[in-house]
Every structure is written in structure tokens, then in C-alpha cells.
Amino acid sequence: MKYVQEFRDPQKAQGLLAAIRALGDQLTAERPGPIKVMEVCGGHTHAIFKYGLEALLPPTVELVHGPGCPVCIMPRGRLDDAIALTQYPSVILTTFGDVMRVPGSRQSLLQAKAAGADIRLVYSPLDALEIAAAHPDRQVVFFAIGFETTAPSTALTVLQAERQGIENFSLFCNHVLVVPALEALLSHPNLQLDGFIGPGHVSVVIGARPYQVIAERYHKPVTISGFEPLDILQSLGMVLRQLAEGRCQVENQYTRLVQATGNPVALAAMARVFVVRDQFEWRGLGDIPASGLRMHPAYARFDAEAKFTLPHGQVADHRACACGEILQGVKKPWDCKVFGTACTPEHPLGACMVSSEGACAAYYKYGHGRPHPAPPPRRLAQV
Amino acid sequence: MCLGIPGQILEITDGEQKLAIVDVGGVRRGVNIACIVDEDHPVESCLGDWVLVHVGFALNRIDPEEAQITLDMLEEMAALQATLADPPFGPIPAQG
């Protein structure tokens, strides 16, 4: 497949890995512990595990898996609201498959569907609009979820509903924003990060410029990266090079798709349909100011939160679950008491185990149930 | 969730609604191309474009020249590595 296969060449990966090793050695020569670089996006986390990149890295360089999976950070209260929507007899709830197994406080959407709720999986928000057009007697709500990558698609779908006069369509809007979440992470006293691999497809929409704040205010290098294994290795090398040269800048490895100012059509659609919420709750991270989107008042007739009464409960995370610390990069999945025992992909307690992009699900699936075995102790020569 | 897949626009099915058929890894599917259309790049000029497809929308065009520059950089890095036969990657010199 064009633009995919050529970025998976193992020969070239060897060259990149050698460069990473050299930079890692140089950077850790005079400091304890490895260089820690966070890949923000869940898509990167998935690719890193799928291609086994972590095992190829030298011990001087560690990847920390960030909170960039919109399924993983959806708080239980919002799931409860979605399930409450399905209790309206008129409602057909439409959603991406990713959120079906996320546990709410009492059940998941999958369990609600099994109990008779009218919940339908769609590939695109446009599919949800088609369902609305085909069922004028029903209220079709689209459970809108995702970062800036996905928000333009739902915004354009609302604009199309307006054009076509489809009034029985609305959004339950849960879109979230990347940069405010990174700022919240960077303000956390426990966090020890040296730099970021920036989300590629979010940046296709918002551009490279919004990350300037990370470089300027928090003095961390950022490299926006593509999703193939060579993209990720090259981006990691670029972050390390910035550190080695004492620079903190926003660099762009994914130039084939990302421009400095993003996609103007997508941004305009978002600005028309959405406004930034004062705050939004992230599972494990709590309330983060200006980190979510809601419907613009001019589009209130397409806003499920205005059309229907919802409980809007704030529900604490499961007690045993360490999702919060894992999303902050403070803990690894195997540090969680219930990882792989009470919490598995079939029966997830926490959201990091639900989505294939969650750190816990990736560790579980790709066999990272335990820390990498420590190198065997060097034997003293027998005398 | 942010998964995007490269595809090539094969056919414009509805110029007004900006809908196209895109070949995504051998599968033909309907895609909304509103985000890649502007005055400089009208709907009819999109035929043959390589785009990134995400939840039924083309998010952006893939720039073939930039893709080649990235690949060339990767090539250079691999080649550079091949010439770096010295430590820390080269053979450890035998101790006298």
C-alpha cells in the first residue's frame, strides 16, 4: 500500500535505532535513569506495540504512553449519560464501536444493548445522519467522541444535517482537545518527561503551531509524528537530537500531511459548530480547563444535552483501577493490582483495558504482562 | 481512534455534496472530501489525489514530494550508519 509499506522497511529501522542508541548513550552519560519521551496519541501506542518497537529501544530511552486515547479518558459519568439517552423510547443511539465496552458505573453500552436498548454501530457520523433520514419518527443521537482529528467530521455532519433540514439528528458531544490535556499533565508535579512525540492526525487538523506553548512555556521538545514504525523511530530520534543540542522546539516529521496552520476547512467547520467548554472531566486526570467541546448555542437544536434531560453525574473511577496514574505515565500497567487478573479486555474495569489503543490492552495483548526481565547479574569469575 | 488510512480518489460521485469514491487499500468506499476542496483546488481537480481517510472523511491531501523528502532522510540516516563503523557500534579493538 502506497505511503505505508515504504515506511516499514526493517533495514532503515536499523539505522534509526543505531542513531537512537548513540543519542541515548550521549544523553544519559551524566544523568541517572533513562530519557523519557511520551507518545501522546493512542494510535502511536498501538503502533509501538504492534511493531514491537519498545523492545528494540536501548535501555537509555523509555517511551511513556500518554492520554491520547479518547475512549480511555471518557469518564464513567458520560457513559451513564449515554445509557440514560437510550432509555428514551424515541432515541436511537449511534456510536463508533470503540466505546461499546467502556464500563459506566453500572453497565456498558454493550450490556445496555443486550438489555434491549436501540444502539447502532456506525463507521462514520454520516452513517448516523443516514439513519436519522431513514427514521424521521425517531430521535437519532450520535455519541460524538474523539480528539481534533474526529471533531471536524462530526461538525461537517451537523452542517449537512442543517442543509438537508434533518432535525431529528443530534450530537452527544464528547470531543476533547489535546493541548490543554498536555498542559494539565505538564503541570503535574510527579511527571518526569523529557519530550513528546506529538499526535500526527490531530495535527493534520490543528497544525503544528498550537504546540508552541509546550516548547516555550514548559521547555519540552515536541516532534509531530506519522504512524508507521519508521515515522515513530525517526520522530523519537528527532526529539533526542533536540535534547542533545539543548533545543526545545516544535518539529514536524509528518510533513507529508501536517502543515503549520492545519486544515482551514476543518477548523472553520469546528469553529462554527462547537465552542470550548469551561472544563471537561477526563477519566483518571479529573477536570481539565478548556479541554472539551460542546455545541455552539446557534446549533442547540442539534445538541442532545439540550434536547434531553441527563443525570450528569460525576462518578469516581473504580477503586482498584490505576488508569489515572497510567494515563499520566507515572505507573506502568503491570504496577496495577488488577491488571490481567480482575481487569482483562473481555471484562475491563478501567478504560485503558477497553480500547486497543489503551496502554493496558496493548500490554495485555502483546504479552508485556511483566516488566522486561532484568539482565542476568554478571557472574564473578570463578577462581 | 485517530486512525487514518491513505487512499486514492477514483471518482467524484457528487460535486455539490463533495462526495467521492476512494480506493482504500483495494476497497472502494464513499468518502466526503469537503476538507480538501478550496478555490485553488476545486472538486474536479481532486481526481487521483492521495488523501488521508478518517471516519468517512478525507482529512488532507498527502504531499508526494514531502513523503519523498522524509524517505530520503531515512535513507541518508541508514547510509550514515553504515559508514559509522567506529565505536560505539564498531568492533571492539583487541586489547594488546
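Things worth noting here:
- A:Ala208 vs. criteria more than 14 Å from A:Arg256 (Cβ to Cβ) and in the same structural domain as A:Ala13 (by TED's automatic domain parsing): no
- Within region A:119-131, the residues that satisfy the criterion of being surrounded by fewer than 24 Cβ atoms within 10 Å (Cβ to Cβ) and either out of contact with any Gly (no Cβ under 7 Å at 6 or more places or on another chain) or β-branched (Val, Ile, Thr) (or both) are A:Ile119, A:Arg120, A:Val122, A:Asp127, A:Leu129, A:Glu130, A:Ile131.
- Odd one out for B:Pro6, checked against (1) within 28 Å of A:Leu230 (Cβ to Cβ); (2) in contact with a helix residue (DSSP H, G or I) (Cβ under 7 Å, 6 or more places away or on another chain); (3) at the interface with another protein chain (Cβ under 10 Å from one of its Cβ atoms): (2)
- Residues (within 16 Å of B:Gly56 (Cβ to Cβ), surrounded by fewer than 24 Cβ atoms within 10 Å (Cβ to Cβ) and of a type in the set (S, T, N, Q)) located in region A:138-163: A:Gln160
- Residue selected from region A:15-47 under the condition without any contact (Cβ under 8 Å) to a residue 60 or more places away in the chain and in contact with a helix residue (DSSP H, G or I) (Cβ under 7 Å, 6 or more places away or on another chain), by the criterion surrounded by the most Cβ atoms within 10 Å (Cβ to Cβ): A:Gly15
- Flag: A:Val202 matches the condition of being out of contact with any His (no Cβ under 8 Å at 6 or more places or on another chain), over 23 Å from A:Gln14 (Cα atoms) and within 11 Å of chain B (Cβ to nearest Cβ).
- Residue match in region B:64-75 (condition: touching a residue at least 12 places away in the same chain (Cβ under 8 Å) and among the polar types (S, T, N, Q)): no
- Among the residues of region A:1-13, just one is over 30 Å from A:Gly246 (Cα atoms), part of a helix (DSSP H, G or I) and facing chain B (nearest Cβ under 8 Å), namely A:Glu6.
- Filtered residues of region A:294-349 (kept if in contact (Cβ under 8 Å) with a residue 24 or more places away in the chain, acidic (Asp, Glu) and assigned to a helix (DSSP H, G or I)): A:Glu305, A:Glu325
- Verdict on A:His65 being away from every other protein chain (no Cβ under 13 Å), in contact (Cβ under 8 Å) with a residue 12 or more places away in the chain, under 26 Å from the mean Cα position of the chain (by Cα) and surrounded by 16 or more Cβ atoms within 10 Å (Cβ to Cβ): yes
- Within region A:3-14, the set of residues being hydrophobic (A, V, I, L, M, F, W, C) and crowded, with 17+ Cβ neighbours inside 10 Å comprises A:Phe7, A:Ala13.
- Scanning region A:91-112 for residues that are within 11 Å of another protein chain (Cβ to nearest Cβ) and assigned to a loop (DSSP other than H, G, I, E, B) gives a single hit, A:Phe96.
- Every condition in (1) in contact (Cβ under 8 Å) with a residue 60 or more places away in the chain; (2) surrounded by fewer than 24 Cβ atoms within 10 Å (Cβ to Cβ) holds for A:Leu233 except the one numbered (2).
- Number of positions in region B:16-56 that are more than 9 Å from chain A (Cβ to nearest Cβ), exposed (fewer than 14 other Cβ atoms within 10 Å of the Cβ), not in a strand (DSSP E or B) and not acidic (Asp, Glu): 4
Residues are listed down the side, and each one gets a yes or a no for (1) within 24 Å of B:Gly25 (Cα to Cα); (2) part of a helix (DSSP H, G or I); (3) in contact with a strand residue (DSSP E or B) (Cβ under 6 Å, 6 or more places away or on another chain); (4) facing another protein chain (nearest Cβ under 7 Å):
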{"residue": "A:Gly15", "(1), (2), (3), (4)": "no, yes, no, yes"}
{"residue": "A:Ala22", "(1), (2), (3), (4)": "no, yes, no, yes"}
{"residue": "A:Gln26", "(1), (2), (3), (4)": "no, yes, no, no"}
{"residue": "A:Lys36", "(1), (2), (3), (4)": "no, no, yes, no"}
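- Among the residues listed as A:Ala215, A:Ala208, A:Ala244, the single one being in contact (Cβ under 8 Å) with a residue 40 or more places away in the chain and within 21 Å of the chain's Cα centre (by Cα): A:Ala208
- Any chance A:Leu191 is more than 11 Å from chain B (Cβ to nearest Cβ), surrounded by fewer than 23 Cβ atoms within 10 Å (Cβ to Cβ) and within 19 Å of the chain's Cα centre (by Cα): yes
- With respect to the stated conditions, A:Val4 is in contact with an Asp or Glu (Cβ under 7 Å, 6 or more places away or on another chain), modelled with pLDDT under 95 and over 22 Å from A:Gly367 (Cβ atoms).
- Condition met for B:Leu59 (at the interface with another protein chain (Cβ under 9 Å from one of its Cβ atoms) and either buried (at least 18 other Cβ atoms within 10 Å of the Cβ) or on the phi < 0 side of the Ramachandran plot (or both)): yes
- As a summary of the residue check, A:Gln242 satisfies the conditions (1) assigned to a helix (DSSP H, G or I); (2) within 13 Å of chain B (Cβ to nearest Cβ); (3) surrounded by fewer than 24 Cβ atoms within 10 Å (Cβ to Cβ); (4) touching a Ser or Thr at 6+ places or on another chain (Cβ under 9 Å) except for the one numbered (2).
The values are calculated or read from the model by the stated rules, or taken from the named source; none is laboratory data. It should be emphasised that the depicted structure is a prediction, and the values quoted were computed from it without experimental measurement. All Cβ positions, glycine included, derive from the backbone under ideal geometry; neighbour counts span all protein chains shown.
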